[in-house]
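The values are calculated or read from the model by the stated rules, or taken from the named source; none is laboratory data. Keep in mind it's a predicted model, so treat the numbers as computed, not measured. Note: ideal-geometry Cβ built from the backbone for every residue, glycine included; neighbour counts use all protein chains shown. The protein model used for the area step is the full one, side chains on, heavy atoms only, and it has no ligands, DNA or RNA in it. Shrake-Rupley method; radii C 1.70, N 1.55, O 1.52, S 1.80 Å.
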Amino acid sequence: MRTSFVAKAGFWLLIVAIVIFAIFPFYYAVISSLRSGQALFSAAVWPDSVSIANYVSVFTGQPFGRNILNSVVVAVSVVALSLFLGVTAAYALGRVSFRGRGLLLFTILSVSMFPQVAVLSGMFELVRALGIYNSLWSLILSNMILTLPFTVWVLTTFMRELPKELEEAAFVDGASPWTVVRRIFLPLMWPAMVTTGLLAFIVAWNEFLFALTFTLSTEQRTVPVAIALLTGATQFELPWGNIMAASVTVTVPVVVLVLIFQRRIVSGLTAGAVKG
């Protein structure tokens with residue numbers, strides 16, 4: 001009995017330590033964003049006074065609202081294109097037998113293993129040739145390299161697990177492959193689509209290297225680059241308060257989005273269950 005109590009107590013202490021380790025940096029960023037002046041260098045875990053001056057400065061000193069809108073447009077577009085192409089590719093790779101299917105899947109997976117730096121020069125030449133440099137289209141195209149491989153891989157794995165009898169019954173009734181995907185498989189694939197869509201959104205939202213390389217003007221930048229290029233009143237000043245305020249501003253919506261999508265994943269798993 002005593003051994004069981006000690007084991008449970010140790011387990012919960014470990015959980016508390018992990019939670020504190022994971023949450024404390026974000027908590028410290030929040031309280032730092034509410035400080036100003038010399039208070040920014042205080043080591044206190046609770047601010048003596050609260051000020052929103054840093055948040056006001058972030059939105060008035062540069063077009064940060066436009067940068068947020070750019071990130072939303074890029075991330076949503078990347079998710080929509082990744083899911084559309086991922087579902088169609090998953091049907092071909094998961095339900096249609098053809099020679100070289102395994103090699104093609106392995107090639108798609110291996111593409112995701114290349115670091116961004118390895119494809120940066122090639123992507124730059126492609127972006128310049130297409131005439132989309134310093135536009136959001138360049139970021140949408142480049143981010144697809146990061147999101148499409150794992151989207152195709154996850155959706156293909158999920159597609160293979162769906163009952164083949166549903167597809168055969170639909171073909172007997174005269175349904176086309178696109179009708180089978182749209183009206184039969186999509187309702188069952190919502191759990192996998194929500195998961196991959198959320199991961200693709202986070203990748204596109206946080207992407208920095210392509211956004212820094214393929215954008216030139218402040219109005220076309222996304223939030224990671226905008227935060228990295230925040231400057232103080234002089235070249236010797238680092239605006240920690242503004243950086244923390246900007247980081248909190250773009251992090252809170254993503255955290256809320258993750259919580260919302262987690263609930264939908266659970267409901268999708270329940271609704272998409274197939275008996276027998």
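Descriptive notes on the structure:
- With respect to the stated conditions, Val248 is open to solvent by less than 40 Å² (accessible area, probe 1.4 Å), touching a Ser or Thr at 6+ places or on another chain (Cβ under 7 Å), at pLDDT 85 or above and more than 19 Å from Asn143 (Cβ to Cβ).
- Unique match (being over 25 Å from Trp137 (Cβ atoms), hydrophobic (A, V, I, L, M, F, W, C) and not in a helix (DSSP H, G or I)) among Phe114, Phe98: Phe98
- In region 195-210, the residues that are in a helix (DSSP H, G or I), modelled with pLDDT of 85 or more and over 14 Å from Met144 (Cβ atoms): Leu198, Ile202, Trp205, Asn206, Leu209
- Test: residue in region 58-71 that is more than 30 Å from Val181 (Cα to Cα), open to solvent by 40 Å² or more (accessible area, probe 1.4 Å) and not in a helix (DSSP H, G or I): yes
- Of residues in region 120-142 being of a type in the set (Ser, Thr, Tyr) and touching a residue at least 60 places away in the same chain (Cβ under 8 Å), the one most open to solvent (accessible area, probe 1.4 Å): Tyr133
- Scanning region 143-188 for residues that are open to solvent by less than 60 Å² (accessible area, probe 1.4 Å) and of a type in the set (D, E, K, R) yields one hit, Glu167.
- Filtered residues of region 83-100 (kept if open to solvent by less than 60 Å² (accessible area, probe 1.4 Å) and basic (Lys, Arg)): Arg95
- Check on Phe261, among the aromatic types (Phe, Trp, Tyr) and either at pLDDT below 80 or surrounded by 18 or more Cβ atoms within 10 Å (Cβ to Cβ) (or both): yes
- The single condition among (1) in a helix (DSSP H, G or I); (2) open to solvent by 60 Å² or more (accessible area, probe 1.4 Å) that Gly10 does not meet is (2).
- Condition check for Leu34 on (1) under 28 Å from the mean Cα position of the chain (by Cα); (2) over 30 Å from Val154 (Cα atoms); (3) open to solvent by 60 Å² or more (accessible area, probe 1.4 Å); (4) among the aliphatic types (A, V, I, L, M): one failure, at (3).
- Taken as a whole, the condition of being within 14 Å of Phe26 (Cα to Cα) and either within 19 Å of the chain's Cα centre (by Cα) or at pLDDT 85 or above (or both) applies to Val254.
- Taking every residue in region 182-196 that is within 13 Å of Tyr91 (Cα to Cα) and pairing it with any residue that is part of a helix (DSSP H, G or I) and small (Gly, Ala, Ser), at least 6 positions away or on another chain, the pairs with Cβ-Cβ distances below 7 Å are Ile184/Ala170.
- When region 34-82 is filtered for residues that are among the charged types (D, E, K, R) and farther than 20 Å from Thr215 by Cβ, the ones remaining, listed by number, are Arg35, Asp48.
- Top-ranked residue in region 222-237 [being touching a Leu at 6+ places or on another chain (Cβ under 9 Å) and open to solvent by 40 Å² or more (accessible area, probe 1.4 Å); ranked as modelled with the lowest pLDDT]: Thr231
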